[in-house]
Amino acid sequence: MKTKFLLFLILIMGLAPLARAQYPVTVVADPIAVQNEVAQIAKWTESIATLNQQLQQMQQYVALAQQVKGYIGDPAAAAQAMGLQLLGPQLSQSVGQLTSTISQTVNGAQALENSGAQLFTPINFKTPSGLTMTFDPSQFKAFAAIQSQDSNVGSVIQDTISRITALQHQKATTLAQIQTAPDQSTVQKLTAQAAAIDGQVAALGQQQQTATDQIVTQSISNQNNQQMKAQAANQAADHELNVSLQNFMQWEGQITSDRTDFQ
């Protein structure tokens with residue numbers, strides 16, 4: 001019995017290594033870490049896809065911009081290529097003088113000698129009987145103002161007409177260039193140029209109107225002043241007549257009361 005039991009133990013010990021050899025050891029990774037890594041990779045993939053989509057959109061925008069530029073042109077290049085300018089900043093400057101300035105320089109003595117470029121007969125400095133006459137220049141300032149306003153209107157009209165003529169030539173050139181403009185950008189620039197020229201012409205026309213209005217206003221002012229002085233002179237004459245009549249009546253009353261009848 002002892003011999004059999006000993007053989008049984010030897011047999012079990014001999015089979016034990018074989019049993020262990022049939023079950024190899026495997027190292028298992030952390031499942032939570034693996035899940036996080038997978039999620040991170042998914043996010044990267046999504047970000048790369050979004051970036052790729054944005055790049056494609058940018059390429060489409062660039063292509064569209066190139067197409068539009070080919071149609072309307074480059075505004076900056078068009079502005080430099082046109083080389084169109086107004087005839088100078090002096091076109092926007094005012095011409096002529098305002099009434100406030102003219103009134104400070106009127107001269108009654110010069111007004112008496114002014115014949116309006118030989119249009120009128122000059123003032124005769126003699127009386128009807130041939131005596132030398134000296135006039136008070138201060139009494140003729142209102143007439144000098146009208147003469148100065150008339151000269152101002154002539155100067156404004158002459159100056160503005162020359163400028164308007166030059167602007168009209170400039171506009172004709174601009175309109176011709178619109179017809180042959182290479183792209184929409186140049187057309188817009190030329191159209192703005194034509195509109196600016198129209199504005200200049202309108203401003204010059206307004207200066208003509210202002211000068212004309214001034215001389216009309218001055219003439220009305222002179223007439224008003226003459227009528228006012230005539231009214232004042234009439235009232236003064238009426239007052240003097242009334243005072244003279246009252247004095248005469250008082251004097252006549254005194255004469256009547258003190259009169260001695262002739263015998």
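The values are calculated or read from the model by the stated rules, or taken from the named source; none is laboratory data. This one's a predicted model, so the numbers in the text were calculated from it and none came from an experiment. Note that we place each Cβ from the backbone using ideal geometry, even for glycine, and neighbour counts take in every protein chain shown.
Out of the residues in region 144-173 meeting the condition of being of a type in the set (A, V, I, L, M) and either assigned to a loop (DSSP other than H, G, I, E, B) or closer than 18 Å to Thr99 by Cα (or both), tell me which one is farthest from the chain's Cα centre (by Cα). Out of the qualifying residues, it is Ala144.
Within region 174-186, the residues that satisfy the criterion of being part of a helix (DSSP H, G or I) and either in contact (Cβ under 8 Å) with a residue 40 or more places away in the chain or buried (at least 18 other Cβ atoms within 10 Å of the Cβ) (or both) are Thr174, Gln177, Gln184, Ser185, Thr186.
Taken together, the criteria place Leu204 among residues that are of a type in the set (A, V, I, L, M), closer than 25 Å to Thr99 by Cα and surrounded by 14 or more Cβ atoms within 10 Å (Cβ to Cβ). Those residues that are touching a residue at least 12 places away in the same chain (Cβ under 8 Å) and farther than 10 Å from Gln147 by Cβ, I need them from region 113-124; list them, please. Once the filter is applied, which keeps residues that are touching a residue at least 12 places away in the same chain (Cβ under 8 Å) and farther than 10 Å from Gln147 by Cβ, region 113-124 yields only Ile123. The residue that is modelled with the lowest pLDDT, among those in region 101-132 that are under 19 Å from Gln214 (Cα atoms) and assigned to a loop (DSSP other than H, G, I, E, B), is Gly116. Would you pick out the residues in region 94-134 that are touching a strand residue (DSSP E or B) at 6+ places or on another chain (Cβ under 9 Å) and β-branched (Val, Ile, Thr)? The one that is touching a strand residue (DSSP E or B) at 6+ places or on another chain (Cβ under 9 Å) and β-branched (Val, Ile, Thr): Thr132.
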